[in-house]
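In what follows, a structure is listed as structure tokens, so that the remarks can point back to it.
Read the figures in this text as sums done on the coordinates, not as results from a lab. These numbers come from a predicted model, not from an experiment. When we count neighbours, we look across all protein chains shown, and the Cβ atoms used for this are built from the backbone with ideal geometry, even at glycine.
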Amino acid sequence: MDEVIGMGEAIFSQTYSGDDFSSWQVAHEMSIRLEDGALVVSDTERHSWHLLRLYDSAVLFRIVRMKCRLKFCRTATANFYIHHYGSLDVAEISADGTIVDDGISNNVSVNKISDGLFDVEVTYLCRHPTLSIGCSNNRQPVYSGSGHEQFVLISVLVETFDAYTELSRTPAEERITLVDVGGQGGLQLKWMLRADQIKPVVFEPIPSEAAAIRQTLGRIPGSQVIEKALAHTAGVQKLYITADTSCSSLREPNFEVLQQYSIAPIFSVVGTQETDCVRYDDLFRMQTAPLPDVIKIDVQGFEYEVLLGFGHLLENCMAIELETHVVPIYKNQKLLCDVIDILRYFGFSLRQISKTPNFDGDAVEFDALFTKRRNSVSAFSEPAKRKFARITDVLGLDSYF
């Protein structure tokens, strides 16, 4: 990490103290108050996480250095804790300055200034647009607290550095090529946390959304954001832009069905846009898009047509995740049974299906996971089997072997 920091000035640098602590928000359970320019932090008696969280895309897919000056309170029963996301811990420091857990950090150090006053410094690869600090009970970040004051946070320095080296450690041939079709909002969290193992290719036809994705995704080596829509035929098609842009589609919303549900207003069409559509296999032939290992599709009723546009490239793909429906909420859309049929033709099995909660309890919309069938996977090369195992691990599936 010293090598990274020594390469030049930080890309982003901010010191939080005094009123600046208002940027940090309580997450889950915690009690805070500002006193003499420092933040007094208490846990609660509830069984939960006890965290403060800062949201800033400047930290995503970058090396982060945090330097926290804090003083443990006499009533402290918990450790000082730096959290990443999910089950990933960055560091945990006890009240006497002992490093209890160095988690996923590249480096962690504690400098004792005086009794109870410490500078804690950590560096790590951040794969999420947040930073979290708080309390943990001896490697148990979820616990029932005492409700007492734990530490006084005097200042937090946050710096970020380019993470190209860290994000390039996985050899190119072992990286998972993830094609994300309809990538509004960026990658799913499960793939963000594996940014050092993937080569993402994101399709987003709405220019403002594509620009927002590029700001952070461009930090991953080999990533692409393609400002086109995928379809089964090349040419210009009409994109229906809805009140909630995440519902926008190349198919018109079907209000004969939607009017039955409380979610209907977000499907209201507020405009249209002429959108350049391409087949994925055409892009592959032109060498502007790579062979996919895993495909994620969320295109609001146009999934079947997107799959057609991959053509025989689906024969080499290992897994597909998509949103699908059993009721046509868009006009003339294909349904789950049609998707199953076409993917069966290319050697896929439906491995998992889960209902989304968007339609007042009715079984209308589902997230579906498909992988190549067991007999196909058994014939994979050993490197391909290892890649398949990593993909199924991300998707939460049994890898067969």
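Data for the structure
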{"quantity": "Given charges at beta-carbon only (K, R positive; D, E negative), |dipole| of the stretch 2-163 in Debye", "calculated": "260 debye"}
{"quantity": "Per-residue Cβ neighbour rank within 10 angstrom, fewest leading, His148, His325", "calculated": "His148, His325"}
{"quantity": "5 angstrom amide H check on Lys331, placed H, neighbours 5+ away", "calculated": "Glu252, Asn254"}
{"quantity": "Under the Debye formula (equal points on every Cα, no solvent term), log10 I(q)/I(0) of the stretch 168-395 at q = 0.07, 0.13 Å⁻¹", "calculated": "-0.21, -0.76"}
{"quantity": "Listed residues Met30, Leu125, Phe348: farthest to the positive end of the dipole of the chain (Cβ charges)", "calculated": "Phe348"}
{"quantity": "Cβ-Cβ FRET estimate between Lys355 and His28, R0 fixed at 30 Å, reported to 0.05", "calculated": "0.65"}
{"quantity": "Peptides 180-189, 259-268 ordered by average Cβ neighbours within 10 Å, highest first", "calculated": "180-189, 259-268"}
{"quantity": "For the chain: relative contact order, % (alpha-carbon pairs under 8 angstrom, 6 or more apart)", "calculated": "13 percent"}
{"quantity": "Rounded to 10°, Cα long-axis angle of helix 336-345 versus longest principal axis of the chain", "calculated": "80 degrees"}
{"quantity": "Modelled FRET efficiency - R0 30 Å, Asp398 with Ala211, Cβ distances, 0.05 increments", "calculated": "0.15"}
{"quantity": "Bridge type composition, the stretch 237-351 - antiparallel percent by DSSP, nearest 5", "calculated": "65 percent"}
{"quantity": "Debye, to nearest 20: dipole size of the chain, +1 on Lys, Arg Cβ, -1 on Asp, Glu Cβ", "calculated": "900 debye"}
{"quantity": "From phi via Karplus (6.51, -1.76, 1.60), per-residue ³J(HN,Hα) for the stretch 9-15 in Hz, x at Gly/Pro", "calculated": "6, 5, 5, 9, 8, 8, 9"}
{"quantity": "Hydrodynamic radius of the stretch 2-163 per Kirkwood, over alpha carbon pairs, in Å", "calculated": "15.5 Å"}
{"quantity": "Calculated FRET value between Ser114 and Asp362, using beta carbons and R₀ = 56 Å, to 0.05", "calculated": "0.35"}
{"quantity": "Test item: Cα-centred dipole of the stretch 168-395, Lys/Arg +1 and Asp/Glu -1 on Cβ, debye", "calculated": "880 debye"}
{"quantity": "Between the stretch 350-401 and the stretch 9-53, the alpha-carbon center distance in angstrom", "calculated": "39 Å"}
{"quantity": "Given charges at Cβ of Lys, Arg, Asp, Glu: the chain dipole, positive-most of Trp49, Cys337, Leu167", "calculated": "Cys337"}
{"quantity": "Karplus-derived 3J(HN,Hα), 6.51/-1.76/1.60, for each residue of the stretch 184-197, Hz, glycine and proline x", "calculated": "3, x, x, 5, 5, 4, 4, 8, 4, 5, 10, 4, 7, 10"}
{"quantity": "Gain on full stretching of the segment that runs from Asp36 to His312 - 0.36 nm per residue minus C-alpha separation", "calculated": "92.8 nm"}
{"quantity": "Bins of 10 Å from zero: percent of alpha-carbon pairs in the chain", "calculated": "5, 20, 25, 22, 18, 9, 1, 0"}
{"quantity": "Rel. contact order, % - alpha carbon contacts under 8 angstrom, at least six apart, the stretch 2-163", "calculated": "37 percent"}
{"quantity": "Principal-axis tilt of helix 382-395 within the chain, Cα atoms, nearest 10 degrees", "calculated": "70 degrees"}
